[in-house]
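The values are calculated or read from the model by the stated rules, or taken from the named source; none is laboratory data. Just so we're clear, the structure is a prediction, and the values are computed from it rather than from any experiment. Cβ atoms come from the backbone with ideal geometry, glycine included; neighbour counts cover every protein chain shown.
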Amino acid sequence: MSSQNIHPLVAVPPVAEAAPEKMAAVFDSQLATALRWRESSTRERIERVRRLREAMLARRQQFYDAFAQDYRKAPAEVEASEFLPVMEEIRHVLGRLKRWMKPVKAWPTNTMLGTSAWIQYQPRGRVLIIAPWNYPLSLCFGPLVSALAAGNTAIIKPSEMMPAVSALMASIIAEVFPENEVALFEGSLPTSTALLAMPFDHIFFTGSPAVGKIVMAAAAKNLTSVTLELGGKSPTIVDDSANLTLAAETIMWGKFINNGQTCVAPDLVYVHKSVKADFIAKCKAVLQTRYGAGPAQQKDSPDLTRIVNRRHTQRVASLLTDAVARGAVVQTGGEVDEASCYIAPTLLDNIGPGSAILEEEIFGPLLPIIEYEQIDRVLEEINAAPKPLALYIWSTNQKQIDKVLLRTSSGGACVNHCVAQFAHGNLPFGGVNNSGMGNAHGIYGFRAFSHERGVLRSSPLMLIKMFFPPYTANRTMLIRKTVDMLRLPML
Ligand code: NAD
């Protein structure tokens, strides 16, 4: 396909900020709904999620057009990376919600004999969802599905950088829900700041670690609980036993889907010195097969999403310029066309110390490749950096795999795969410290939006009576014996 056939990037007018009084009024109006929804049944919650699904599917073509306008994303990628995760989330809810909502029995511990207990999953109440621009549909509607499954009302604030997609999402939300149930407010910093000042019962934020800190500080003012789905630099290790063909094919997919604008994309690859040349040759061949044999063809490829805007194109281009100035070798790619928000899929090696590309999250189509000889040095480097959102190890050596998984920490990890952990509905998806806190997806998403309330019920045989005053000598002795009993091993 030639560039004439590629959907032109259209300058969509920037989103207007939502009026603070309007947002406050909607927030207030959701209180009565949230109290009512505490008693909502599985059927009612499923009904809400189904309505969202039908409205979303009815606008499929409009979504293709909006994604093409905002950053020229191919329909196949809209399906695979936007519709698929939301549909999977919904399917999971439809099949499992009844079970998730059931109280979970808690067996009595020694001193609780004679009681029964359970965990009750309650909706948190009114929740706020703030989303980033890189997967705007999946990261707004995915968490919304979990919020609705858990019985909450919601206010959503998508990113201002995807005006066409967010306008479409706004129209769907307005069509499917009255504002006192779910509302979507478009806007940037002022809208986000005004929302963050409100005493929500939970905030689910997806975005950068820097803004995550601002969100957490704002939430602290109201002691609002938070789920923070953040980013970071996800390291990838390819050792000398790895299946290089599979590694090259999969890493090139995980890196260049959405043109590298993916929170769990491999951010840098450590390759064993003995296989580096072979690995790079295979990666280049994969890129040529997928996107075109040379720079001109790759620039014309309809399958390469564009960088979201000129500011980000400049940011990524400056990482490239800085790396090259410090001695990096461009193995393939390196072409930049700021006007069309294009940077070619680029592989770099020989990265010099102090290069910004080794410090900042790249979030674009550049992949630094670093050769290593000693895995211990790689693990030291990984552990010296903030904990990443993901870590990938490519190896057929089980001892090596175990060592890497045991000695490192990251939100999630894959062995001989990458990025796909996001799509596994039975795995918790989240970060750790700098890459986030709390989890999303499936039952973990349901629990993120639920309060786990511990409930204890007494039987007529009230053993607690022995702890009541007056503290006679006998009673004191009995309490002391009870405490001593706890030194016995558990059965
Ligand atoms: P961002 O943090 O700049 O913005 C996220 C949201 O916060 C947007 O809606 C934005 O309007 C709002 N915002 C921005 N500045 C704010 C401020 N000062 N106060 C209040 N709200 C503010 O992130 P982004 O550029 O949209 O997205 C890229 C980042 O998101 C990357 O770091 C990426 O790794 C991360 N991310 C994480 C996940 C995940 O699931 N863990 C998924 C996608 C993206």
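Go through the residues of the stretch 233-241 one by one and say whether even a single one is more than 15 Å from the ligand (Cβ to nearest atom), touching a residue at least 12 places away in the same chain (Cβ under 8 Å) and surrounded by fewer than 20 Cβ atoms within 10 Å (Cβ to Cβ). Yes, the stretch 233-241 contains at least one residue that is more than 15 Å from the ligand (Cβ to nearest atom), touching a residue at least 12 places away in the same chain (Cβ under 8 Å) and surrounded by fewer than 20 Cβ atoms within 10 Å (Cβ to Cβ).
Of the residues in the stretch 177-194, how many are away from the ligand (no atom under 11 Å from the Cβ) and among the acidic types (Asp, Glu)?
We begin by selecting, within the stretch 177-194, every residue away from the ligand (no atom under 11 Å from the Cβ); these are 177-184.
Now narrow it down to the ones that are among the acidic types (Asp, Glu): 179, 181.
Residues meeting the conditions: 2.
Scanning the stretch 50-97 for residues that are in contact with an Asp or Glu (Cβ under 8 Å, 6 or more places away or on another chain), under 17 Å from ILE173 (Cα atoms) and surrounded by fewer than 21 Cβ atoms within 10 Å (Cβ to Cβ) turns up just one, ALA55.
What number of residues within the stretch 390-428 satisfy the criterion of being outside any loop (DSSP other than H, G, I, E, B), within 16 Å of the ligand (Cβ to nearest atom) and either under 13 Å from SER241 (Cα atoms) or small (Gly, Ala, Ser) (or both)? Show your work before the answer.
Let us first name the residues in the stretch 390-428 that are outside any loop (DSSP other than H, G, I, E, B), namely 390-394, 398-407, 412-415, 420-423.
Restricting the remaining residues to those that are within 16 Å of the ligand (Cβ to nearest atom) gives 390-392, 412-414, 420-423.
The next check asks that each one be either under 13 Å from SER241 (Cα atoms) or small (Gly, Ala, Ser) (or both); those that pass are 390, 412-413, 420, 423.
Number of matching residues: 5.
Considering the stretch 195-217, and only residues there that are near the ligand (Cβ under 8 Å from one of its atoms) and touching a residue at least 24 places away in the same chain (Cβ under 8 Å), the residue that is farthest from the chain's Cα centre (by Cα) turns out to be LEU196.
What do you reckon, is PHE363 within 12 Å of the ligand (Cβ to nearest atom), in the same structural domain as TYR291 (by TED's automatic domain parsing), assigned to a helix (DSSP H, G or I) and not β-branched (Val, Ile, Thr)? Spelling it out, it is not the case that PHE363 is within 12 Å of the ligand (Cβ to nearest atom), in the same structural domain as TYR291 (by TED's automatic domain parsing), assigned to a helix (DSSP H, G or I) and not β-branched (Val, Ile, Thr).
Looking only at residues of the stretch 433-461 that are surrounded by fewer than 16 Cβ atoms within 10 Å (Cβ to Cβ) and hydrophobic (A, V, I, L, M, F, W, C), we find that the one that is farthest from the ligand (Cβ to nearest atom) is LEU461. Residue check: THR153 meets all listed conditions (1) of a type in the set (Ser, Thr, Tyr); (2) within 12 Å of the ligand (Cβ to nearest atom); (3) crowded, with 23+ Cβ neighbours inside 10 Å but one, namely (2).
Of the residues in the stretch 121-159, how many are within 20 Å of THR33 (Cβ to Cβ) and either assigned to a helix (DSSP H, G or I) or touching a Ser or Thr at 6+ places or on another chain (Cβ under 9 Å) (or both)? Walk me through it before giving the result.
Just the residues of the stretch 121-159 that are within 20 Å of THR33 (Cβ to Cβ), to begin with: 121-129, 140-141, 143-157.
Then keep just the ones that are either assigned to a helix (DSSP H, G or I) or touching a Ser or Thr at 6+ places or on another chain (Cβ under 9 Å) (or both); that gives 121-129, 140-141, 143-153, 157.
Going through the stretch 121-159 one residue at a time, the tally reaches 23.
If you go through the stretch 160-174 one residue at a time, do you hit one that is within 16 Å of the ligand (Cβ to nearest atom), in contact (Cβ under 8 Å) with a residue 24 or more places away in the chain, in a loop (DSSP other than H, G, I, E, B) and buried (at least 24 other Cβ atoms within 10 Å of the Cβ)? Yes.
Looking only at residues that are in a loop (DSSP other than H, G, I, E, B) and charged (D, E, K, R) in the stretch 296-322, which one is surrounded by the most Cβ atoms within 10 Å (Cβ to Cβ)?
Applying the first criterion (in a loop (DSSP other than H, G, I, E, B)) to the stretch 296-322 yields 301-309.
Filter once more, keeping what is charged (D, E, K, R): 303, 306.
Numbers: ASP303: 17, ARG306: 21.
Ranking the candidates gives ARG306 first.
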